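To start, the structure under review is shown below, and the notes come after it.
The values are calculated or read from the model by the stated rules, or taken from the named source; none is laboratory data. Just so you know, these numbers come straight off a predicted model, no measurement behind them. Quick reminder, even Gly has a Cβ in these numbers, built from the backbone with ideal geometry, and neighbours come from all protein chains shown.
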C-alpha cells in the first residue's frame, strides 16, 4: 500500500475530524481511503457511459457567481430539459434534468466540477439508451 501526504488547513481538518467521528471511522486514513474509492467509482461510472443519457444534476454554487453558472447553463441549453433553482444564505442550488449524449454529459460534469464558483456537483443517471 502506498502512503500519500496531503496538506489541509485547520478549519478543514476540524470539519474532517467531526465527520470522521460521526461516521464512525477508526482513522482519518480509512475515511479518506473510502472517500477516494467512492470518487473513483463515480468517475469510472461516468466514463463508462455510452449512447444517450438522461440524468439529474444537483449543484451548489456561490450566489454571487450566478451569472457565471448561468453562462455554463447557456452553453448546454440544448441538453437541459428542466431546471429548478433556489438561492439561500448566499448559496445557489440548481437541480437540472439533462438529456444528452454520454460525451456531452461528461463534458457538462467536468466543466461544472472545474468551475471555481461551484461548491459541489452530483449526478444520477436515470436512463441510458445505447443505439447500435
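Quick notes on this one:
- On the stretch given as segment 93-128, residues that are outside any strand (DSSP E or B), farther than 16 Å from residue 81 by Cα, in contact (Cβ under 8 Å) with a residue 40 or more places away in the chain and touching a strand residue (DSSP E or B) at 6+ places or on another chain (Cβ under 6 Å) total 2.
- Residue within segment 57-79 that is free of Cβ contacts under 8 Å to residues at least 12 places away in the same chain and within 15 Å of residue 127 (Cα to Cα) present: no
- Scanning segment 1-52 for residues that are without any contact (Cβ under 8 Å) to a residue 60 or more places away in the chain, in a helix (DSSP H, G or I), surrounded by 12 or more Cβ atoms within 10 Å (Cβ to Cβ) and in contact with a helix residue (DSSP H, G or I) (Cβ under 8 Å, 6 or more places away or on another chain) turns up 16, 17, 19, 20, 28, 31.
One line per residue, one yes/no per condition, for (1) closer than 27 Å to residue 38 by Cα; (2) in contact with a helix residue (DSSP H, G or I) (Cβ under 9 Å, 6 or more places away or on another chain); (3) not assigned by TED's automatic domain parsing to the domain that holds residue 38:
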residue	(1), (2), (3)
55	yes, yes, yes
66	no, no, yes
77	no, no, yes
89	no, yes, yes
98	yes, yes, yes
113	yes, no, yes
118	yes, yes, yes
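- Failed item, numbered, when residue 96 is tested on (1) farther than 16 Å from residue 49 by Cβ; (2) exposed (fewer than 12 other Cβ atoms within 10 Å of the Cβ): (2)
- Residue check, residue 131 exposed (fewer than 15 other Cβ atoms within 10 Å of the Cβ), part of a strand (DSSP E or B) and either assigned by TED's automatic domain parsing to the domain that holds residue 57 or touching a strand residue (DSSP E or B) at 6+ places or on another chain (Cβ under 8 Å) (or both): no
- For segment 66-116, a tally of residues being modelled with pLDDT of 95 or more and on the phi > 0 side of the Ramachandran plot returns 0.
- Hits in segment 74-92 - residues which are in contact with a strand residue (DSSP E or B) (Cβ under 6 Å, 6 or more places away or on another chain) and outside any strand (DSSP E or B): 79
- Taking (1) part of a helix (DSSP H, G or I); (2) at pLDDT 90 or above; (3) surrounded by 10 or more Cβ atoms within 10 Å (Cβ to Cβ) in turn, residue 57 satisfies each apart from (1).
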